[in-house]
1. Which residues, taken from segment 601-622, are more than 21 Å from residue 663 (Cβ to Cβ) and either crowded, with 21+ Cβ neighbours inside 10 Å or in contact with a helix residue (DSSP H, G or I) (Cβ under 9 Å, 6 or more places away or on another chain) (or both)?
2. Of the residues 51, 96, 74, 85, only one is within 20 Å of residue 249 (Cβ to Cβ) and either at pLDDT 95 or above or not hydroxyl-bearing (Ser, Thr, Tyr) (or both); which?
3. Could you give me the residue pairs with C-beta distances under 6 Å whose first residue belongs to segment 371-386 and is among the polar types (S, T, N, Q), whose second residue is open to solvent by 30 Å² or more (accessible area, probe 1.4 Å) and assigned to a strand (DSSP E or B) wherever it lies, and which are 6+ apart or on separate chains?
4. Any chance you could count how many residues in segment 290-301 are surrounded by fewer than 21 Cβ atoms within 10 Å (Cβ to Cβ) and touching a helix residue (DSSP H, G or I) at 6+ places or on another chain (Cβ under 8 Å)?
5. Based on what the data block shows, is residue 502 at negative phi and either part of a loop (DSSP other than H, G, I, E, B) or under 21 Å from the mean Cα position of the chain (by Cα) (or both)?
6. Residues of segment 1-21 being under 14 Å from residue 263 (Cα atoms) and surrounded by 20 or more Cβ atoms within 10 Å (Cβ to Cβ), which ones?
7. Of these, 489, 460, which one is within 27 Å of the chain's Cα centre (by Cα) and open to solvent by 20 Å² or more (accessible area, probe 1.4 Å)?
8. Give me a count of the residues in segment 1-31 that are in a helix (DSSP H, G or I), under 18 Å from residue 159 (Cα atoms) and either aliphatic (A, V, I, L, M) or under 29 Å from the mean Cα position of the chain (by Cα) (or both).
Amino acid sequence: MELYATCARGFERLLAEELASLGCSGVRPLGGQVAFSGGLEDAYAAFLGSGLASRVVAVLGRIGARNADELYEGMSGIAWEAHIGPGSSFMVDAHGTNAELRNTRFVALRAKDAVADRIRARRGAAPATDVADPDVRIVMRLREGRASVGIDLSGEPLFVRGYEASRGGAHGDARRHAGASAAGGIRADYARALVAMAGIVPGHVGEGGAAVPCALVGDAAGALAAEAALLACGRAVGELRPRPACERWGMHDPAALAAARRRLEERAEAAAAALAREAEAAGKAEGEPVLDLVVDDVAAARRALDAAGLSGVASLRPASEGVGGCRVLVASLLAPTDSPARQVAATARLATLARELQAPARVACLAAPGDAEGAMGTNAAASIATQVGRDAAELTRFEPSAPLPARPSVEVRTPTGARGRVFVGVPASDQFAARLAKAFRLRSKWARREGVSCYRVYDADLPDYAVAIDVYGLEGAHARTAAVVAEYAPPREIDPALARARLADVLAIVPAALGCSAADVHLRVRERSRGGSQYSDAASARPEPERVGEGGLVFEVDLGRRLDTGIFLDDRETRAMIRELAKPRGDQARSFLNLFAYTGTATCYAADGGAGSTTTVDLSQRYLDWARRNMAANGFAGPEHEYVRADVLRWASEARHGRRRWDLVFCAPPTFSNSSGMGRRSFDVQRDHVQLLIDVSRLLAYGGLCVFESNLRGFEPDVAALAKAGVAVEDVTPRTIGEDFSRTPNVHRCLIVRRA
């Protein structure tokens, strides 16, 4: 039979070696697949035993496919009634196009019609189609005027092992199909490629013929541990999966499947015997785990091993205790959702761990191109270009050698007072490390004294390290410290490579200095523009938003997905002032209006101060929903709290002519906006603030006031024009600048606005 196995880009040679080791013949690596030949037993052994293949396809033949009619005729000539049994369902998975057939969905539909029509003509009824879970999956690969047609023997992608369920999620989860796994970090076939490159083979883990501890680090503890154990034990990964799709194929041969299983069982028995000999040589007693694995997340690794049926195979200890006794290091430094902060921190950690290993050692890494070689300070012995999700990636292997080249490192004082070292690219980063540690020590004392959990700790204190760093004390079941690093775009005269190196050092130092996980450091790039600050988000996604506390209230924040986190830290004192201003006057509750409301934090403060009614206005429904959740989380719900989706400028202009008035208004417009919801208009706070404040002043009840705030640095109110319109303003900015923003008092401008 002519057969082929598909795989992730770059895995072709590794897969070819694996298929040959499984007894397949005629193995030829091609682009994105490996061709081989043999009988059904070989095909079954391939999809049961391969840890690198995505699918295994048995080729039925090649047909002409220059146009739709020729495609239909060719498909009609195949005896589909022999492949699709009565009552069975099928689908066509089409790949490729040509000049006449330019749409794969049309190709699949035309091929499906040919299959259904042929079977209808012979049985009197067409088979059912099922794209989700077909009994028979027909695979068509179209190239120019020809198409290969085959049967997918594997069904569900082979990289879905079964142990992923230990972390929950459906097998068809899109993240795993993009290169990630529910068992942690990376997809199972990527984890298998990593451990294979590290020299783990059936029956052997180690160097020089002796079993040695193996460190598996990165955000993929479950997948790496399971794949290392499966490979070392020679276990067939296909046995972890439900009933194979080949059993529903009309040409299935149960005897061939049984023979393939016996072949793989013999392989596993030989591997187990070899591992036992290695364990005995290492002085282990009978019954002890044969593998020693050092992992970042022991619980995740244990869950995956248990789900894979390998509970007693490996001993596990946390990598936090050190990797000094290991001579094999497998590092997954990249996942589809990784933020640059996590990637940089992981790369810096690789530089540290690799130098802790017991030399000589072998290291295998999955990282962004060039990152691993940069961390190791030496050239890789082998590298494979691949892709994780949409990102370019590289699998690299470093062979045992002399001690690695020295790298610059800086001393970092941690929050506990301990002193550790972090590898850096710029020696001068020691100044940043010292400055950040000192600033955090002083600022965190102030924060504890004042009951503040979210604050700014550093704001371009050193000109060469032009970043702002905010600390967030996350609450809830997983309370911890997180940080947001916002980089100011460097001036054009600064060497971009030097700027990137400094930023990399910042992201490596921040977790150590603040005592947080690299996973909780999020990066944003803040570019200076005529409208103030604009953000481009380079952060990772979290499944659920977190909550922080401020002023006795709780607020939802999203540190990983949104351009802004959901709460502006420099507005802390302004919000406290709003709470005081919202308190009832005598027995009369005040009404509150929040314009450009964002996530409604000011509305929560006003309600907490005793406002009898609140109106929250924003153009974004997403932010209004967020504001509603913030209010509900603090116990403020009911008809007295109103949410209005509207263009604030138009709404305020129209509302001034109505009869409704408010005692207290908070107005914090964007610096600049040309949102599609505003039509053809744009808003510039410096240009348009006079008309806006005139409109807002007409919404004030007798004796009412508006708190107006702009974050445009250099904003100047046109006091004369406002006075002419009967609007009085008082600058209260100094009262609204918190201790943590005292170095940047121009972070915003705050005014009290009244009718003159």
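The values are calculated or read from the model by the stated rules, or taken from the named source; none is laboratory data. Remember, it's a predicted structure, so these values are computed and weren't measured experimentally. Every residue, glycine among them, receives a Cβ derived from its backbone with ideal geometry; neighbour counts consider all protein chains shown. These area figures cover heavy atoms from the full protein model, side chains too; ligands, DNA and RNA do not enter into them. Shrake-Rupley method; radii C 1.70, N 1.55, O 1.52, S 1.80 Å.
1. So in segment 601-622, the residues more than 21 Å from residue 663 (Cβ to Cβ) come out as 619-622.
Selection gives 619, 620.
2. Numbers: 51 fails: within 20 Å of residue 249 (Cβ to Cβ); 96 fails: within 20 Å of residue 249 (Cβ to Cβ); 74 fails: within 20 Å of residue 249 (Cβ to Cβ).
Going through 51, 96, 74, 85 in turn, just one is within 20 Å of residue 249 (Cβ to Cβ) and either at pLDDT 95 or above or not hydroxyl-bearing (Ser, Thr, Tyr) (or both): 85.
3. Matching pairs, first to second residue: 383/394.
4. Initially, segment 290-301 is screened for residues surrounded by fewer than 21 Cβ atoms within 10 Å (Cβ to Cβ), giving 298-299.
Still in the list and also touching a helix residue (DSSP H, G or I) at 6+ places or on another chain (Cβ under 8 Å): 298.
The total comes to 1.
5. Working: at negative phi: yes; either part of a loop (DSSP other than H, G, I, E, B) or under 21 Å from the mean Cα position of the chain (by Cα) (or both): no.
For residue 502, the condition - at negative phi and either part of a loop (DSSP other than H, G, I, E, B) or under 21 Å from the mean Cα position of the chain (by Cα) (or both) - is not met.
6. Within segment 1-21, the subset under 14 Å from residue 263 (Cα atoms) is 19-21.
Matches in segment 1-21: 19 only.
7. 489
8. Initial filter on segment 1-31 (in a helix (DSSP H, G or I)): 12-21.
Pick out the ones that are also under 18 Å from residue 159 (Cα atoms) and you get 12-19.
Now narrow it down to the ones that are either aliphatic (A, V, I, L, M) or under 29 Å from the mean Cα position of the chain (by Cα) (or both): 12-16, 19.
Looking only at that region, the number is 6.
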